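Heads up: the structure comes next, in structure tokens.
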Amino acid sequence: MKLTGESKFLLGIVVVTVALIGAAIFFFSRPAAPLQALPRGDLIPAGTYTKGNASASAYLVEFSDFQCPACQAFKPVVDEIVEQHKDNLLFVYRHFPLEQHEFAMDAAKTAEAAGAQGKFWEMYDLLFENQERFSSTTWPQLAQQLKLDNNQFETVKSTPTTSDRINRDRSYGLQIGVNSTPTFYLNGVKLTLTSYEDLRRAVENAL
């Protein structure tokens, strides 16, 4: 059967359409490439505060802001996960004070100043417990509550080195795409969470 010019044109459209559909099916049916994990040494630089087993192969890094309500809401879940898996999970806290939070930077400095006296995690707990009453008078009150040496506390809190440590965390967070808190990285891969249960499930799957 001899094809007319119009028939040839229509046949060509059909062939191209079938080819495009086939290519689309092939492309979308392929398994997604695994996300590239960030280097462990970059996510956990020397001097970073950690909890759990330092030798564990699994590690959870949180970029957090002490004045962030969502970070406060996630904290009990994080505490539960870390306690439940303390033998085979390392938890890492990285500072990411948000500019819109008036007291976030001072709160981070307060945690660092307490850390210099071996009480970072105790201050971590107190800061989240007292988030709703942050003010310029909160920091010395919390230091007194932990029985810290006040002179050392104020000196460390105000030293440029402390600000540098916090800004190091924030700068690295910005570099890798952190734009909100809390942001979690599990074994170097950024987690996309819609619920607390997503975090629990991700850690359990990783372990």
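The values are calculated or read from the model by the stated rules, or taken from the named source; none is laboratory data. Here the structure is a predicted model, which is why all the values come from computation and not from measurement. Please note: Cβ atoms are built from the backbone with ideal geometry, for glycine as well, and neighbour counts cover all protein chains shown.
The test for being under 27 Å from Ala56 (Cβ atoms), assigned by TED's automatic domain parsing to the domain that holds Ile81, in contact with a Leu (Cβ under 8 Å, 6 or more places away or on another chain) and modelled with pLDDT of 95 or more holds for Gly188. Lys86 falls short of the stated requirement of being basic (Lys, Arg) and part of a helix (DSSP H, G or I). Only residues that are at pLDDT 95 or above and either assigned to a helix (DSSP H, G or I) or surrounded by 10 or more Cβ atoms within 10 Å (Cβ to Cβ) (or both) were counted across segment 24-49, and they come to 9.
Condition check: among the hydroxyl-bearing types (Ser, Thr, Tyr), assigned to a helix (DSSP H, G or I) and within 29 Å of Ser195 (Cβ to Cβ). Does Tyr93 satisfy that? Taking the combined requirement at face value, the residue does not satisfy it. Looking for something outside any strand (DSSP E or B), over 11 Å from the mean Cα position of the chain (by Cα) and touching a residue at least 40 places away in the same chain (Cβ under 8 Å) - is there at least one such residue anywhere in segment 171-183? The answer is yes; a qualifying residue exists. With respect to the conditions (1) within 18 Å of Tyr185 (Cα to Cα); (2) surrounded by fewer than 20 Cβ atoms within 10 Å (Cβ to Cβ), Ala116 lacks only one, and its number is (1).
Going by the conditions given, is Leu10 part of a loop (DSSP other than H, G, I, E, B), modelled with pLDDT under 95 and farther than 19 Å from Glu132 by Cβ? No: the conditions fail for Leu10. Going by what's in this entry, would Ala58 be described as surrounded by fewer than 19 Cβ atoms within 10 Å (Cβ to Cβ) and in contact (Cβ under 8 Å) with a residue 24 or more places away in the chain? So Ala58 passes the test.
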